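Enquirer: Sharing a structure, written as structure tokens. Questions coming.
Derivation of every value follows stated rules applied to the coordinates shown; laboratory data play no part. Only a predicted model underlies this, so the values are computations on that prediction, with no experimental measurement involved. Virtual Cβ from ideal backbone geometry, glycine too; neighbours counted across all protein chains shown.
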Amino acid sequence: MFSVNRAILKIQRRAPRRMKARTVIPAPRPRGQALAELAILLPVLIILVLGAADFGRIYYHFVTVESAAAAGVQYGCVDTTKAADTDGIRLAAMRQVQDITNRSVVVVSSLVTNSILTVNVKARFVTFFHWPLMPTDTLVSRSAQMRILK
């Protein structure tokens with residue numbers, strides 16, 4: 001019987017041993033890290049978005065005022081009677097700037113010299129946000145010139 005037990009022990013030693021099941025301990029998660037990153041980056045992102053919006057708005061005002069000056073000079077350059085019609089030139093320019101919200105567009109002058117008509121248009125632009133070292137109220141001014149045809 002002693003030899004049988006010894007044989008069983010030899011077999012048990014040769015048999016592959018089972019590994020003990022390991023429990024995986026997760027690494028501690030940094031709590032609130034995403035919230036802290038958001039708190040740092042959110043003001044920067046808001047300033048970038050507001051800056052892009054104001055830049056787009058002032059560019060839109062610039063293009064609109066420029067096209068208003070062009071519309072006024074196109075109306076007046078048809079002949080000398082329309083070149084002298086300052087109310088008609090103002091009306092043609094004002095039709096072009098109907099979608100500017102504050103309606104502060106002024107056709108400053110229409111001047112005829114040497115059969116060339118010049119129309120000046122000005123509009124006031126106010127930013128959404130007060131930017132440091134930048135004016136909040138800006139005057140956008142454009143002029144257009146064209147030769148009178150008749």
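Enquirer: Expressed in nm², what is the orientationally averaged projection area of the convex hull enclosing the Cα positions of region 50-150?
Expert: For region 50-150, averaging the hull's shadow over all directions gives 6.4 nm².
Enquirer: What distance in nm lies between label points placed 7 Å from Cα along the C-beta direction at His130 and Phe55?
Expert: Those two pseudo-labels are separated by 2.4 nm.
Enquirer: Follow-up. Measuring from a point 7 Å past the Cα of Leu149 along Cα-to-C-beta, which residues in region 67-90 have an amide N at less than 17 Å?
Expert: Of the residues in region 67-90, 70-85, 89 have backbone N under 17 Å from the label point off Leu149.
Enquirer: So, with +1 on the Cβ of K and R and -1 on the Cβ of D and E, and no other charges, what is the size of the charge dipole of region 50-150 about its Cα centre, to the nearest 20 debye?
Expert: Numbers: 10 positive and 7 negative charges, 28 e Å.
Magnitude of the dipole: close to 140 debye.
Enquirer: Using 0.36 nm times the number of residues separating Ser141 and Arg95, minus their current alpha carbon distance, what extension gain do you get?
Expert: Full-extension gain reported as 14.9 nm.
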